[in-house]
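Report on the structure given below.
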Amino acid sequence: MAKLGPINRREFGQLAAVGAGAALVPGLARAEAPSLPYYERRADEGVAIAGVSRGTAAEETVRAVRATAQAATDFSWLSRGDTVLIKPASNSGNVYPATTDPVAVRAMIGLLKERGAGRVIVADMAGVQFVRFYRDGLEGSTRELMRRNGLAQASEQAGAEVHAFEEAGWDGFFEATPESSDAWKAPVMLPVILNEVDHIVLMPRTARHLLAGSTLGLKSAVGWWRHDSRLEYHRDAGTFSEKTADANRVRAITDKQRLVLSSATKVLTTFGPDSGHIAEPETGIVFASTDLVAHDMISLAWLLENRAAMVPSERDGLLDDPNTSETIVNLANRMITNWLGGFGEALRAERLRRFDLSRLEDDRVLMRAFATTGRPGLDLIASDGSLPDALRSRLAARTG
């Protein structure tokens with residue numbers, strides 16, 4: 001069983017040697033992933049946005065969550081007594097924006113109960129650096145991490161249940177096959193609790209990501225997966241971005257996912273997913289849509305907006321240098337593969353392509369989603385008059 005916690009010096013040395021030698025061994029690293037096919041434009045999708053002034057009370061975020069959620073959907077899908085699962089991003093014990101905003105989760109629970117929900121469950125499974133999950137054992141606890149980042153307290157105080165997927169055990173997952181995906185070799189393993197709920201509300205965060213470039217709504221799908229699926233994801237890194245996007249196209253999720261909402265009054269603009277520079281703009285935003293891809297277009301635009309406002313000393317440094325970033329990214333991916341499957345699996349890991357992040361088209365996950373489901377037009381709804389016109393225009397320009 002892999003050792004829980006940061007990689008030790010011996011493991012680092014082994015993996016660094018593997019990383020250095022991988023390019024010299026024929027067949028060890030995969031060639032560039034094929035270029036994405038042309039994508040079609042599809043109908044406009046609404047994204048409701050509200051502004052939240054920096055330094056205001058938490059109740060302003062609550063107001064913005066309620067306003068954007070109710071502008072994005074009429075909740076006609078919710079019948080009295082239904083069970084709703086809220087899926088946040090609780091990848092670590094670090095506080096918002098490294099994880100989902102607990103204030104926003106509290107507001108959503110209150111709104112769902114007001115609209116008639118009988119049972120609300122807030123559930124996730126953390127990253128492998130903090131939770132190791134095997135057929136014959138478990139180290140770490142998502143539930144404990146949710147206490148550290150405040151999501152557990154906010155959920156329970158609002159009347160919801162907290163659930164950690166790993167607590168159901170290895171057999172508490174079922175097979176699901178992404179629709180029309182050529183990237184996944186095996187089915188994706190999803191938690192059985194998905195079969196026990198009527199609806200899903202996805203509540204990701206807006207952040208940079210060392211391996212994926214960004215972590216928004218599509219990337220948060222990793223939190224559903226059992227660790228054998230995560231092993232394939234990291235080991236077979238030649239299709240990393242494709243698998244990220246495609247895993248959102250499983251019927252167990254798409255048939256029940258009703259709303260995607262992010263509180264982005266703070267943004268993790270560098271490194272990620274668990275730490276980095278925190279931007280807190282003068283006007284933050286909360287935004288919601290019934291369409292995951294449309295939501296992520298605004299989320300990425302907001303990440304880019306906040307990265308553009310950074311001074312040079314705050315930037316990613318070596319990760320922005322094409323001569324060093326691919327080495328760093330691949331070493332990190334091999335570490336994760338080692339945690340998931342051991343040194344032998346790390347030795348087999350395919351090369352993960354480096355990323356840029358200065359425009360919408362740089363995000364390969366989003367581009368894959370465009371290629372498979374079409375690129376939506378955006379109808380930006382200023383839900384309550386709190387969004388400055390200039391900010392709305394800049395977001396529209398970045399997504400145009």
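Structure summary
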| read-out | value |
| --- | --- |
| Answer residue from the range 98-116, given it is touching a residue at least 60 places away in the same chain (Cβ under 8 Å) and touching a Ser or Thr at 6+ places or on another chain (Cβ under 9 Å) and is farthest from ILE86 (Cα to Cα) among those | ALA98 |
| Pairs, first without any contact (Cβ under 8 Å) to a residue 60 or more places away in the chain in the range 61-88, second hydrophobic (A, V, I, L, M, F, W, C), C-beta under 7 Å, six or more apart | VAL62/VAL103; VAL62/ALA107; ARG66/ALA107; ARG66/LEU111 |
| Single residue of the range 131-145 satisfying the filter (part of a helix (DSSP H, G or I) and out of contact with any strand residue (DSSP E or B) (no Cβ under 6 Å at 6 or more places or on another chain)) that is nearest to SER275 (Cα to Cα) | LEU145 |
| LEU28 vs. criteria among the aliphatic types (A, V, I, L, M), in a loop (DSSP other than H, G, I, E, B) and either touching a helix residue (DSSP H, G or I) at 6+ places or on another chain (Cβ under 7 Å) or at pLDDT 95 or above (or both) | yes |
| Test set (1) in a helix (DSSP H, G or I); (2) β-branched (Val, Ile, Thr); (3) within 13 Å of the chain's Cα centre (by Cα) - VAL329 fails condition number | (3) |
| Search result, residues across the range 348-372 that are assigned to a helix (DSSP H, G or I) and not acidic (Asp, Glu) | ARG348, LEU360, ARG364, VAL365, LEU366, MET367, ARG368, ALA369, PHE370, ALA371, THR372 |
| Candidates VAL128, VAL122, VAL201, VAL162, filtered to the one that is assigned to a loop (DSSP other than H, G, I, E, B), β-branched (Val, Ile, Thr) and either under 16 Å from ALA89 (Cβ atoms) or modelled with pLDDT of 95 or more (or both) | VAL128 |
| Selection from the range 373-400 of residues that are in a helix (DSSP H, G or I), within 19 Å of ASN306 (Cα to Cα) and touching a residue at least 60 places away in the same chain (Cβ under 8 Å) | LEU391, ARG392, ARG394, LEU395, ARG398, THR399 |
| Of the criteria (1) under 30 Å from ARG334 (Cβ atoms); (2) within 20 Å of the chain's Cα centre (by Cα); (3) of a type in the set (D, E, K, R), which one ASP171 fails | (2) |
| ARG307 being outside any helix (DSSP H, G or I) and basic (Lys, Arg) | no |
| Selection status of VAL122, under 28 Å from ASP246 (Cβ atoms) and hydrophobic (A, V, I, L, M, F, W, C) | yes |
| Within the range 265-288, tally of residues that are surrounded by 24 or more Cβ atoms within 10 Å (Cβ to Cβ), under 20 Å from SER53 (Cα atoms) and in contact with a Lys or Arg (Cβ under 7 Å, 6 or more places away or on another chain) | 3 |
| Residue among PRO204, PRO191, PRO178 that alone is touching an Asp or Glu at 6+ places or on another chain (Cβ under 8 Å) and under 24 Å from LEU292 (Cβ atoms) | PRO178 |
| Filter pass, PHE343 being within 23 Å of HIS227 (Cα to Cα) and of a type in the set (Phe, Trp, Tyr) | yes |
| The listed residue being charged (D, E, K, R) and closer than 20 Å to GLN257 by Cβ, out of LYS113, LYS185 | LYS113 |
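Yes/no per residue for (1) touching a residue at least 40 places away in the same chain (Cβ under 8 Å); (2) touching a strand residue (DSSP E or B) at 6+ places or on another chain (Cβ under 9 Å); (3) not polar (S, T, N, Q):
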{"site": "LEU151", "(1), (2), (3)": "yes, yes, yes"}
{"site": "ALA158", "(1), (2), (3)": "yes, yes, yes"}
{"site": "HIS163", "(1), (2), (3)": "yes, yes, yes"}
{"site": "PHE173", "(1), (2), (3)": "yes, yes, yes"}
{"site": "ALA176", "(1), (2), (3)": "yes, yes, yes"}
{"site": "VAL192", "(1), (2), (3)": "no, yes, yes"}
{"site": "SER214", "(1), (2), (3)": "yes, yes, no"}
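The values are calculated or read from the model by the stated rules, or taken from the named source; none is laboratory data. Just so we're clear, the structure is a prediction, and the values are computed from it rather than from any experiment. Virtual Cβ from ideal backbone geometry, glycine too; neighbours counted across all protein chains shown.
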